[in-house]
Structures are given as C-alpha cells and as structure tokens.
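Student: The following block contains the structure, expressed as structure tokens.
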Amino acid sequence: MNREAMAHSHPEPTATLHELQEPRKEAPTEASPYLSVVIPARNEEGTLGQVVERCFAAFQELACTGEVLVVNDGSTDGTADVLAALQDRFPTLTVFTHRRSQGMTAALRHMFAASRGEIVILIPADMESDPLQDIPALVRHLEAHNLDAVAGWRQGRKDGKVFASAIYNLVMRTMAGVPVHDANWIKAMRREVIDSLPPLRSDWHRFLLMIAVHQGFRVGEVQTSYRPRPAGSSKFGWERIPISFLDVLVVKFLLTFSQAPMRFFGGLGLAGIAVSLLTFLYLTGLYIFADTQKRPIFIAAGILAIIGILLLLVGFLAELIVSQGERIAELEKRLLRRDPE
C-alpha cells in the first residue's frame, strides 16, 4: 500500500481529546445589558409584579438596555405564580428559585454571579423603593460624579427601624469609614465592585459598601424617597442588631488582617511576651532587693510568655496558609487564561 493510500486509511484527528470530551461552547452573541437589577424576594406576591414592571419602565426612562434577576427565596405564597406570569411578558427577566429560604446574602451571591450588566443595582421587592424613580436617580448620580458605588438615602422614613438603622449607620461611618447615611438600603455598583467582592457569608449583604470602601472604590449617596410597604411584612427584626454588630467586627477583622495575619497574631504574641518579660524583671528586682518571691505572679508570667510564643507560631502558620491560597488563586487565573472554557 502506498503512502497516499495509507493517508486515506488513517485520517488525521480533527479534534483534541479535550474537545471530544467537552464540546466547545459558543461565544454569546447577545450584547450584555447596561444595567442589571437584582431583587431578592420572599413572600412578596402583593408587590413583586409592580416592582419588576417599574424596573423595565426605568430602563426605558434611561434609554438603556437592562435585565432583571429575581431570587424566589423559599416563598410559601403566590410569588412563584407571579414570577411565571412576569417571565411571559419580559424575556430578560431571569428567575432563580430556592426551595427553602437561604437568606438575602445567598440570594445576592446567586444573582451577582449571573448578572451581566456594567452596573448592578440592588432593589427590594416590597415597593418601599420605587424602581421607576430610584433606578434613574442612582444611575445618573453614579455617572455624573464618576463613582464606583452609590447608595440611596431614604428621606422621610417612618418605619419602626429608624433607631436601629441610625446605630448601624453610625458604626459603619465611624468604624468602617463608609461615607453614607443609609448603607443598608438600595445601591448601584459598577461591575468592578461586584467582581472584587470576596465570597459573601451569612448576612454580609449589609457590608457591601464597607468592603467597597476598604478596597478603595469611590462611594457616594443620593437622596431617595421613602414609601411605606403597601403589602406583606418586613423580614427583619430587632434581634438582628447584636448579630449585625458582631458581623461588623468580623468583616472589619477579615478586611484588615486576612492578607496579613501575622500583624494580628504576632502583635498579640509580642505584647504578651513583652508583658511577661517586664513581669520577670519586676520579680527579679523584688527577689534581689527585697528578698521576696511572688510565685503565683511568676507562674502567670511564664504562662503568658508561652501563650505569646504560641501566638507567634500561629501567625507564621497563618501566613503560610495565606501564601498558599494566593498561589492557588494565581494558578486558577492562569488556567482560566489558557482555557477560558
């Protein structure tokens, strides 16, 4: 058999092994929308339809493209039926369903990952915020002042959470440096802010602006109108105040020390060792000049020195863990650049 016949008998492969195992995905042809509105909803059948309708009306008001994403977070009323009817009317409405309630943070995490807009806007499903008024106000203020994120500031608020909200916002301004008066209300954020968010944990939706400020993004606010909820009931109560305060401390700690844990553990360790050394010097002086021994103090100083040394070791281990995590993240980025599929 000649070479030509052999070539026809054994044709060259036309696809790599990877291509045979996993078909190549087609690149999306539809242009990404300019705005993405994300709406967490739980038992909001009385207001959700109006909220979604007015979101799409806001896109027309701004003369831009937009999409709306809604998470039905374990609703037990007719929210699912309302969403099904809305999807028939609005092709760019995307609905995700949680069979049981997982909370607002889980809902936002889901919608942030699926959103495609250059600006992502968080709107509640209860009509306390009117999307037709507030979405244009947020977007125009964001663009006019060249901000990365902007929050709404409720004017004329008269619900039962004003005092608790004032405490929360005072803590956010003083402890976290967030320059707004209503950090836990509607907000618009550029895509860069969304992509830079760390993995969000329980109730961290309250600290989106805190994280943005820590990462150096420009944050501002714009005044918006407040309207009482026309239907349904609030899902938040006073019992969340101590939990929120603890969460503020946790987020502040992680933002400050997650990339430099030795500063925390090493600082405590060095402080403990310094105190124990000063105590030993004091006890030595007492023994030499006053012929006096303070054995309980001596034992306590020794334990404190051991704890300080252990904290230093924990700091070194934490630095190794952070270093390995950064290497893994960099490796994942390289692999994604080589094979984005």
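The values are calculated or read from the model by the stated rules, or taken from the named source; none is laboratory data. Small disclaimer: the values here were computed from a predicted structure and weren't measured. All Cβ positions, glycine included, derive from the backbone under ideal geometry; neighbour counts span all protein chains shown.
Student: Can you tell me how many residues within region 177-195 are charged (D, E, K, R) and touching a His at 6+ places or on another chain (Cβ under 9 Å)?
Tutor: Adding up the residues that qualify gives 0.
Student: Check Ala300, Ala290 and return the single one that is assigned by TED's automatic domain parsing to the domain that holds Gly272, surrounded by 11 or more Cβ atoms within 10 Å (Cβ to Cβ) and small (Gly, Ala, Ser).
Tutor: Details: Ala290 fails: surrounded by 11 or more Cβ atoms within 10 Å (Cβ to Cβ).
The unique qualifying residue is Ala300.
Student: Going by the structure shown, is Val322 out of contact with any strand residue (DSSP E or B) (no Cβ under 7 Å at 6 or more places or on another chain), at negative phi and touching a residue at least 60 places away in the same chain (Cβ under 8 Å)?
Tutor: Working: out of contact with any strand residue (DSSP E or B) (no Cβ under 7 Å at 6 or more places or on another chain): yes; at negative phi: yes; touching a residue at least 60 places away in the same chain (Cβ under 8 Å): yes.
Judged against the criteria, Val322 is a match.
Student: Would it be correct to say that Thr97 is part of a strand (DSSP E or B) and among the β-branched types (Val, Ile, Thr)? Give the steps one after another, and end with the answer.
Tutor: Working: part of a strand (DSSP E or B): yes; among the β-branched types (Val, Ile, Thr): yes.
The answer is yes for Thr97.
Student: Conditions: (1) within 23 Å of Pro242 (Cα to Cα); (2) within 16 Å of the chain's Cα centre (by Cα); (3) crowded, with 22+ Cβ neighbours inside 10 Å. Val219 meets all but one. Number of the miss?
Tutor: Only one criterion is unmet by Val219, namely (1).
Student: I've got another one for you. Counting just the residues of region 84-94 that are in contact (Cβ under 8 Å) with a residue 24 or more places away in the chain and part of a helix (DSSP H, G or I), which one comes out farthest from Ser36 (Cα to Cα)? Walk me through how you get there before you give the answer.
Tutor: Let us first name the residues in region 84-94 that are in contact (Cβ under 8 Å) with a residue 24 or more places away in the chain, namely 85-86, 90, 92-94.
After this cut, where a residue has to be part of a helix (DSSP H, G or I) as well, the list is 85-86.
Details: Ala85: 20, Leu86: 17 Å.
Here the residue is Ala85.
Student: For region 186-196, does any single residue satisfy the condition of being free of Cβ contacts under 8 Å to residues at least 24 places away in the same chain and either small (Gly, Ala, Ser) or not in a helix (DSSP H, G or I) (or both)?
Tutor: The initial filter retains those residues of region 186-196 that are free of Cβ contacts under 8 Å to residues at least 24 places away in the same chain, namely 195-196.
The next check asks that each one be either small (Gly, Ala, Ser) or not in a helix (DSSP H, G or I) (or both); those that pass are 196.
Yes, that holds for at least one residue.
Student: Under 6 Å between Cβ atoms, at least 6 apart or on separate chains: pull out the pairs that start in region 244-272 with a residue that is more than 14 Å from Val322 (Cα to Cα) and end on any residue that is not in a helix (DSSP H, G or I).
Tutor: Hits for this filter: Asp247/Asp203.
Student: Hey, another quick one. Answer with yes or no whether Leu132 is more than 18 Å from Cys55 (Cβ to Cβ) and either in contact with a His (Cβ under 8 Å, 6 or more places away or on another chain) or surrounded by fewer than 21 Cβ atoms within 10 Å (Cβ to Cβ) (or both). Please lay out each step first, then the result.
Tutor: Details: more than 18 Å from Cys55 (Cβ to Cβ): no; either in contact with a His (Cβ under 8 Å, 6 or more places away or on another chain) or surrounded by fewer than 21 Cβ atoms within 10 Å (Cβ to Cβ) (or both): yes.
So Leu132 does not fit the description; no.
Student: Restrict the check to region 155-166 and report whether at least one residue is more than 20 Å from the chain's Cα centre (by Cα) and modelled with pLDDT of 85 or more. Working first, answer last.
Tutor: Applying the first criterion (more than 20 Å from the chain's Cα centre (by Cα)) to region 155-166 yields 155-164, 166.
After this cut, where a residue has to be modelled with pLDDT of 85 or more as well, the list is 155.
Checked region 155-166: at least one residue is more than 20 Å from the chain's Cα centre (by Cα) and modelled with pLDDT of 85 or more.
Student: Quick one: how many residues across region 119-175 are acidic (Asp, Glu), part of a helix (DSSP H, G or I) and in contact (Cβ under 8 Å) with a residue 60 or more places away in the chain? Write out each step before concluding.
Tutor: Start the filter on region 119-175 by keeping residues that are acidic (Asp, Glu), which leaves 126, 128, 130, 134, 143, 148, 159.
Okay, now just the ones that are also part of a helix (DSSP H, G or I), so 134, 143.
Add one more test, that the residue is in contact (Cβ under 8 Å) with a residue 60 or more places away in the chain, and what stays is 134.
Of the residues in that region, 1 qualify.
Student: Ok, one more. Exposed (fewer than 14 other Cβ atoms within 10 Å of the Cβ) and of a type in the set (A, V, I, L, M), is that true of Leu311?
Tutor: Details: exposed (fewer than 14 other Cβ atoms within 10 Å of the Cβ): no; of a type in the set (A, V, I, L, M): yes.
Spelling it out, it is not the case that Leu311 is exposed (fewer than 14 other Cβ atoms within 10 Å of the Cβ) and of a type in the set (A, V, I, L, M).
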